[in-house]
């Protein structure tokens with residue numbers, strides 16, 4: 001049987017700054033890039049909502065297809081399957097001798113469980129910390145001693161900042177012919193998703209998934225429009241594509257890395273300008289790292305409740321979910337999520353606060369609804385932010401938003417509310 005190195009793609013659907021791919025290519029072994037639409041992610045949550053809603057499933061499918069196209073241009077391909085990851089790798093092992101599996105590491109319960117099942121196959125596993133901006137070993141403290149509060153985390157990190165350079169995109173990949181053009185992508189209906197997706201012209205993220213599109217977005221936001229220069233002033237916007245970077249949708253699927261964005265910020269600062277806005281985008285990347293390292297530190301305790309905890313759905317919660325509360329600003333944001341799979345950061349803080357503090361509903365229900373619906377769902381950022389708003393996360397300060405006041409500040413003429421409720 002032919003010896004191969006398997007590159008197991010997960011939430012890192014890219015070729016630029018992809019440590020597992022870089023290491024596998026440098027190993028000298030024939031390389032087989034592999035992606036599994038794992039059944040676990042295409043099932044239902046305990047609430048019977050789809051774990052991955054239609055908008056994220058579509059974006060994921062586009063991202064996988066784009067990765068396949070890029071790999072094919074490098075002389076390789078993406079071996080795509082649907083099922084349980086460990087079972088599908090075991091099937092591959094029957095026809096080839098997998099010398100090693102190169103893969104990105106994650107530290108949340110479900111991801112660790114899948115990794116363990118793959119490790120149980122007995123194949124050599126070579127893992128990489130490829131998700132965060134800062135490599136865990138480059139932090140100025142151990143994971144166990146990671147600060148509980150973001151401000152403390154940020155100050156210590158900024159004082160001793162170490163960011164790795166990007167891994168280069170391979171110039172070519174040696175993949176055996178028997179793994180090229182041998183698999184087909186599943187359809188959305190295969191994943192349990194209706195293919196009659198209606199695009200809403202009001203969407204703030206009318207984007208296509210994939211590494212190519214991620215870089216086009218960065219070029220647009222940084223270099224063509226120079227919107228990065230005003231990011232801090234516009235980031236609390238509610239309407240349109242350019243009030244914020246929208247990088248979260250690409251980061252969530254790993255179509256671009258946080259490191260790539262960081263080094264592009266540095267290039268921008270060198271050639272255009274350095275100001276509060278260029279810093280603030282870096283600041284937001286640090287928030288993402290903070291939640292990632294918090295999850296790494298706390299392991300199962302990160303979620304504060306058992307992952308299979310099932311709070312009761314109430315009529316009050318259903319009205320919130322459908323955007324039918326007594327607060328138009330909340331309703332507008334919830335309608336945007338329902339119709340597009342996206343909501344601004346300002347909106348997310350408001351609707352979460354309103355659910356927990358005003359309606360007195362279980363925060364975990366809200367977090368699960370976001371998990372189901374968001375295009376840019378990231379397990380660490382989602383659950384980290386929800387526990388933060390609920391006052392049970394690392395920072396116990398009370399995060400109660402005055403929704404009426406927030407609407408006056410960020411939607412003074414009601415244009416956002418009229419857009420979604422008119």
Exercise. Would you mind stating whether residue 87 is modelled with pLDDT of 95 or more and assigned to a helix (DSSP H, G or I)?
Key: yes
Practice problem: Within the range 99-115, track down each residue that is crowded, with 17+ Cβ neighbours inside 10 Å and either in contact with a strand residue (DSSP E or B) (Cβ under 8 Å, 6 or more places away or on another chain) or under 17 Å from residue 88 (Cβ atoms) (or both). | Solution: 100, 101, 102, 103, 104, 105, 111, 114, 115
Quiz item: Can you pull out the helices (runs of 4 or more DSSP H) entirely within the range 196-304 that have at least 1 residues that are in contact with a strand residue (DSSP E or B) (Cβ under 9 Å, 6 or more places away or on another chain), at pLDDT below 95 and assigned by TED's automatic domain parsing to the domain that holds residue 345?
Solution: none
Quiz item: So which of 140, 147, 168 ends up being part of a loop (DSSP other than H, G, I, E, B) and within 22 Å of residue 13 (Cβ to Cβ)?
Solution: 168
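Per-residue answers, yes or no, for (1) more than 30 Å from residue 198 (Cβ to Cβ); (2) assigned by TED's automatic domain parsing to the domain that holds residue 415; (3) surrounded by fewer than 20 Cβ atoms within 10 Å (Cβ to Cβ):
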site	(1), (2), (3)
310	yes, yes, yes
317	no, yes, yes
329	no, yes, no
339	no, yes, yes
344	no, yes, no
366	no, yes, no
371	no, yes, no
385	no, yes, no
399	yes, yes, yes
Exercise. Among the residues of the range 1-49, write down those that are free of Cβ contacts under 8 Å to residues at least 40 places away in the same chain and in a loop (DSSP other than H, G, I, E, B).
Key: 28, 43, 48
Exercise. Report the residue count in the range 117-136 for those that are under 22 Å from residue 252 (Cα atoms) and assigned to a helix (DSSP H, G or I).
Key: 1
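The values are calculated or read from the model by the stated rules, or taken from the named source; none is laboratory data. Because the structure is a prediction, the values reported are computed rather than measured. All Cβ positions, glycine included, derive from the backbone under ideal geometry; neighbour counts span all protein chains shown.
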